[in-house]
1. With the condition kept exactly as written, say whether any residue in region 234-257 is under 30 Å from Gly30 (Cβ atoms), in contact with a Pro (Cβ under 8 Å, 6 or more places away or on another chain), at pLDDT 95 or above and surrounded by 13 or more Cβ atoms within 10 Å (Cβ to Cβ).
2. Write out, first by first residue and then by second, each pair whose Cβ atoms fall under 6 Å of each other, whose residues are 6+ apart or on separate chains, and whose first residue, in region 50-72, is touching a residue at least 12 places away in the same chain (Cβ under 8 Å) and closer than 10 Å to Phe95 by Cα while the second is in a helix (DSSP H, G or I) and open to solvent by 60 Å² or more (accessible area, probe 1.4 Å).
3. Can you pull out the residues in region 155-172 that are free of Cβ contacts under 8 Å to residues at least 24 places away in the same chain and either assigned to a helix (DSSP H, G or I) or within 12 Å of Ile21 (Cβ to Cβ) (or both)?
4. Going through region 12-30 one residue at a time, which ones are assigned to a helix (DSSP H, G or I) and β-branched (Val, Ile, Thr)?
5. Residues in region 104-127 that are under 23 Å from the mean Cα position of the chain (by Cα), part of a loop (DSSP other than H, G, I, E, B) and crowded, with 22+ Cβ neighbours inside 10 Å: how many?
6. Which fully enclosed helices (runs of 4 or more DSSP H) of region 281-340 have 3 or more residues being farther than 20 Å from Leu235 by Cα and at pLDDT below 95?
7. Which numbered condition in (1) aliphatic (A, V, I, L, M); (2) under 21 Å from Gly240 (Cα atoms); (3) in a helix (DSSP H, G or I); (4) under 29 Å from the mean Cα position of the chain (by Cα) is the only one that Ala277 fails?
8. Can you name every residue in region 40-75 that is out of contact with any Gly (no Cβ under 9 Å at 6 or more places or on another chain), closer than 16 Å to Gly16 by Cα and open to solvent by 70 Å² or more (accessible area, probe 1.4 Å)?
Amino acid sequence: MPDVLAGIRILDLTTGPVGGIATAVLADFGADVVKIEPPGGDRFRALAAAPLWLRGKRSGVLDLMTDAGRASLAPLVATADVLVVSGPPGRAARFGVDADRALAANPALVHASITPFGPRGPYAALPGYEGIVAAKAGRMAVFARQLRRHGPGFAAVSVASHACAMGAVQGVLAALLARERTGRGQRVETSLLQALLPYDLVSLLLVQLAEREGKSLPDPFAVGGDMPTLNYHPLFTKDGRWLQCGNLLEHLFLSFLDAIDLLSELLAEPRFAQPPANWDAETVEAARDRILLRVRERTADDWMARFHANGNVAAEPVLTPREALDHPDLVANGSVITLH
């Protein structure tokens with residue numbers, strides 16, 4: 001599988017990690033990726049993670065703000081299989097590599113565009129930083145319950161960047177498969193805004209529906225207790241490590257309570273007699289306190305041994321990137337390979 005894209009030439013005109021991750025994945029599978037950078041290099045090379053998404057590529061320098069730089073780029077576009085661009089749509093147009101002109105010069109080209117808010121609309125020209133997109137989309141408002149206050153909350157994990165990169169990979173591969181049958185290239189488009197939707201859990205949709213119907217949203221503090229939910233809770237153990245639970249279904253959550261020797265203890269109290277989904281906020285918080293204190297009594301390895309013995313608990317230890325390479329599932333599935 002590492003050579004499945006052998007013979008595919010990819011021209012990477014993106015800046016930063018989103019396009020960088022997408023083309024790094026394609027390079028991992030054998031594509032010849034040439035990253036075109038401005039004089040001085042991609043300004044995001046200063047990020048600590050840059051070596052991750054710069055791997056497996058060749059680099060060339062062109063000043064696309066000049067006529068000479070754009071003239072040098074034209075023959076590269078004409079001979080590429082895939083062209084990946086990023087940023088507001090006006091950037092590709094300024095460089096002469098928007099989809100219309102690039103496909104006119106090379107009809108077999110797969111033109112992949114990664115934008116902040118999509119190719120058109122009132123926000124299309126805004127900068128493509130994840131924080132800006134998350135703020136405009138309303139994602140930051142989702143975390144009000146978790147922060148125990150009204151107002152937006154910044155999420156440090158770049159979920160939109162990751163999902164957007166994966167969307168670009170899928171779009172490019174689909175377009176290459178279509179080209180094998182038709183001989184024609186096509187345009188592929190994805191955006192950070194579009195990439196937020198898998199993480200939305202209906203909150204953004206509810207906001208839009210409420211605005212359309214002229215209704216107000218329910219108070220996020222009126223239901224369910226604080227975030228995170230009991231089913232999807234991080235846990236701090238005796239040895240200072242973290243476990244992440246994912247017991248989203250009731251029987252999984254009850255198995256978790258059983259594995260930490262808390263199920264029978266809670267069921268003995270009338271306030272916990274109802275199914276967990278029916279617990280009010282006060283009961284949820286009482287259960288949370290008991291769970292957090294109980295988990296502090298043992299090490300992460302002790303708890304994971306118990307969860308595995310139970311066989312019906314969804315939990316994983318939080319690992320460093322290096323530790324994750326030795327995860328039994330990744331190793332067993334052949335997902336860890338060595339690249340020189």
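The values are calculated or read from the model by the stated rules, or taken from the named source; none is laboratory data. Keep in mind the model is a prediction, meaning the values are calculated, not measured. So basically every Cβ, Gly included, is an ideal-geometry build from the backbone, and we count neighbours across all protein chains shown. Surface areas here come from the heavy atoms of the whole protein model, side chains and all, with no ligands, DNA or RNA. Shrake-Rupley method; radii C 1.70, N 1.55, O 1.52, S 1.80 Å.
1. Within region 234-257, not a single residue is under 30 Å from Gly30 (Cβ atoms), in contact with a Pro (Cβ under 8 Å, 6 or more places away or on another chain), at pLDDT 95 or above and surrounded by 13 or more Cβ atoms within 10 Å (Cβ to Cβ).
2. Leu64/Arg70
3. Passing the criteria: only Gln170.
4. Val18, Ile21, Thr23, Val25
5. 2
6. 328-332
7. (2)
8. Within region 40-75, Gly40, Arg45, Ala46, Ala48, Pro51, Arg55, Arg58 qualify.
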